[in-house]
Amino acid sequence: MSDTEGAKAARDLFEQAYGEAPEGVWAAPGRVNLIGEHTDYNAGLCLPIALPHRTFIALKPREDTKVRVVSDVAPDKVAEADLDGLKARGVDGWSAYPTGVAWALRQAGFDKVKGFDAAFTSCVPLGSGLSSSAAMTCSTALALDDVYGLGYGDSDAGRVTLINAAIKSENEMAGASTGGLDQNASMRCTEGHALLLDCRPELTPLENVSQQEFDLDKYNLELLVVDTQAPHQLNDGQYAQRRATCEEAAKILGVANLRVTTDGISKADDQFQALKETLDALPDETMKKRVRHVVTEIERVRSFVRAFAQGDIKAAGRLFNASHDSLAADYEVTVPELDIAVDVARKNGAYGARMTGGGFGGSIIALVDKGRSREVAQKIADAFAARGFHEPRALAAVASASAHRVD
């Protein structure tokens, strides 16, 4: 949907649900992470782009602390909650995400934030690993910032405050583990660029991102995104389990996080030996595999940025492939649909292909020559049909802009 179409759809739904006009409409994008998976909560590097696919929120503030939300998924069902006395995990279902943003802002001391009525429409595919949840929480945060005059949405550094509220909502109200990659992408990406995000906690908001040119036309390329439609669930404990394993490994290694370990290995004269010694210090095979993925993935982000900037697309593609192989073998977050889609893309001319997002379902991306996306997507669809999988959905992604007011 264009901004105009999205704004009209959100306004119409708001008026249908509440019988009055909203104060405005805001939008935030989904994202594709080019490379750097499961590195954000390890203080690592990642490289997302914002998608043109957005979630639109029509919103009007209230004088009381009641929250009412409705979405185009079930336009006749308005969910309600009250911010007064609300505690973590106090809201069930999808409405926990937007309600949790207001709760998180109030927890952070923004007492002027009260209740609101909101209506959501979205063209970010649900459950696709393209971060529909961050699109919802970030659009809500920007809308609340605007209507309550908090003043954080107008600057890149200020938006970090809103990002923190979106993260807190997902982690503590909705119970979905997230490390911050998705929210930073949704709030801080710029058109035509990938966001190189450095997640070290000691960095300031002005230090932890840099905009990297991501111009596919320059190299006559397309970025194919295929939503496998395999069920995608991050709040079933698998994500949290891997995060906990990484945190435990860092404790054993005597470091604050695995980024410290990675940087130490990258400075070693013999990096292979340094990695081997690090892994030998860990007690079990599963932990070794998780750490090996994180350390090598952070390095792959650095290498991809260099390769793409130099126009070495073959090298960039190889890094996509190595990332997916590591996520499959060492981090164990792929499923058959993801592996088959990646394999078919590689066999049909992609420079490289990998799963994107948290895994356990969701989407893959493939770097292909311009004009090849449809053909490769059809080959994947044929392979899925032969195996009785759900029909995949495909789109060609471009680097888009971050959250903004649209009406």
Arg89 - would you say it is farther than 15 Å from Ala28 by Cβ and among the charged types (D, E, K, R)? yes
Of all residues making up the stretch 4-35, the number that are under 30 Å from Leu224 (Cβ atoms) and either of a type in the set (S, T, N, Q) or in a helix (DSSP H, G or I) (or both): 8
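Residues are listed down the side, and each one gets a yes or a no for (1) open to solvent by 10 Å² or more (accessible area, probe 1.4 Å); (2) more than 12 Å from Glu170 (Cα to Cα):
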position	(1), (2)
Asp76	yes, yes
Asp84	yes, yes
Lys87	yes, yes
Gly90	yes, yes
Ala104	no, no
Lys112	yes, yes
Gly115	no, yes
Gly127	yes, yes
What pairs come out if I take residues in the stretch 79-100 that are closer than 13 Å to Asp117 by Cα and pair them with residues that are charged (D, E, K, R) whose C-beta lies under 7 Å away, six or more apart or interchain? Glu80/Lys66; Glu80/Arg68; Asp82/Lys66; Leu83/Arg106
Tally time: how many residues in the stretch 179-223 are touching a residue at least 24 places away in the same chain (Cβ under 8 Å), under 23 Å from Glu247 (Cβ atoms) and surrounded by fewer than 24 Cβ atoms within 10 Å (Cβ to Cβ)? 6
Selection within the stretch 94-120 - under 23 Å from Ala17 (Cβ atoms) and touching a Ser or Thr at 6+ places or on another chain (Cβ under 6 Å): Tyr97, Pro98, Gly100, Val101, Lys114, Gly115, Phe120
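How many residues are under 30 Å from the mean Cα position of the chain (by Cα) and either open to solvent by less than 90 Å² (accessible area, probe 1.4 Å) or closer than 13 Å to Arg200 by Cα (or both) when one looks only at the stretch 255-274?
12
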Can you name every residue in the stretch 129-178 that is open to solvent by 10 Å² or more (accessible area, probe 1.4 Å), in a helix (DSSP H, G or I) and of a type in the set (Ser, Thr, Tyr)? Ser132, Ser133, Thr161
Phe320 vs. criteria closer than 18 Å to Ser128 by Cβ, of a type in the set (Phe, Trp, Tyr) and touching a residue at least 12 places away in the same chain (Cβ under 8 Å): no
Members of the stretch 42-62 found to be in contact with a helix residue (DSSP H, G or I) (Cβ under 8 Å, 6 or more places away or on another chain) and not in a strand (DSSP E or B), listed by number: Asn42, Ala43, Gly44, Leu47
Where the second residue is open to solvent by less than 20 Å² (accessible area, probe 1.4 Å) and the first is among the small types (Gly, Ala, Ser) and lies in the stretch 274-288, which pairs have Cβ atoms under 8 Å and are six or more apart or on separate chains? Ala274/Ile265
Got a sec? Which of Thr99, Thr140 is over 20 Å from Asp12 (Cβ atoms) and of a type in the set (Ser, Thr, Tyr)? Thr99
Lone qualifier among Glu337, Glu391 - being within 26 Å of Gly179 (Cα to Cα) and charged (D, E, K, R): Glu337
Scanning the stretch 373-403 for residues that are farther than 20 Å from Gly349 by Cα and more than 24 Å from the chain's Cα centre (by Cα), the one surrounded by the most Cβ atoms within 10 Å (Cβ to Cβ) turns out to be Phe389
Out of the stretch 1-31, which residues are out of contact with any Lys or Arg (no Cβ under 9 Å at 6 or more places or on another chain), closer than 19 Å to Ser402 by Cα and surrounded by fewer than 24 Cβ atoms within 10 Å (Cβ to Cβ)? Ser2, Thr4, Glu5, Ala7
Give the residues of the stretch 279-291 that are open to solvent by less than 30 Å² (accessible area, probe 1.4 Å) and under 24 Å from Asn321 (Cα atoms), sorted by residue number. Leu279, Met287, Arg290, Val291
Residues located in the stretch 382-407, provided they are of a type in the set (A, V, I, L, M) and in contact (Cβ under 8 Å) with a residue 12 or more places away in the chain: Ala383, Ala394, Leu395, Ala396, Ala397, Val398, Ala399, Ala401, Ala403, Val406
Some residue of the stretch 76-93 being in contact with a Ser or Thr (Cβ under 9 Å, 6 or more places away or on another chain), part of a strand (DSSP E or B) and aliphatic (A, V, I, L, M): yes
Condition check: of a type outside the set (Val, Ile, Thr), closer than 20 Å to Glu37 by Cβ, over 15 Å from the mean Cα position of the chain (by Cα) and surrounded by fewer than 19 Cβ atoms within 10 Å (Cβ to Cβ). Does Gln238 satisfy that? yes
Condition broken by Val294, with the remaining ones in (1) within 25 Å of Pro48 (Cα to Cα); (2) surrounded by fewer than 17 Cβ atoms within 10 Å (Cβ to Cβ) satisfied: (2)
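The values are calculated or read from the model by the stated rules, or taken from the named source; none is laboratory data. Everything numeric here is computed off the predicted structure, so don't read it as measured data. Cβ coordinates were reconstructed from backbone atoms using ideal geometry, including for glycine residues, and neighbour counts include every protein chain displayed. SASA here: full protein model, heavy atoms, side chains in, ligands and nucleic acids out. Shrake-Rupley method; radii C 1.70, N 1.55, O 1.52, S 1.80 Å.
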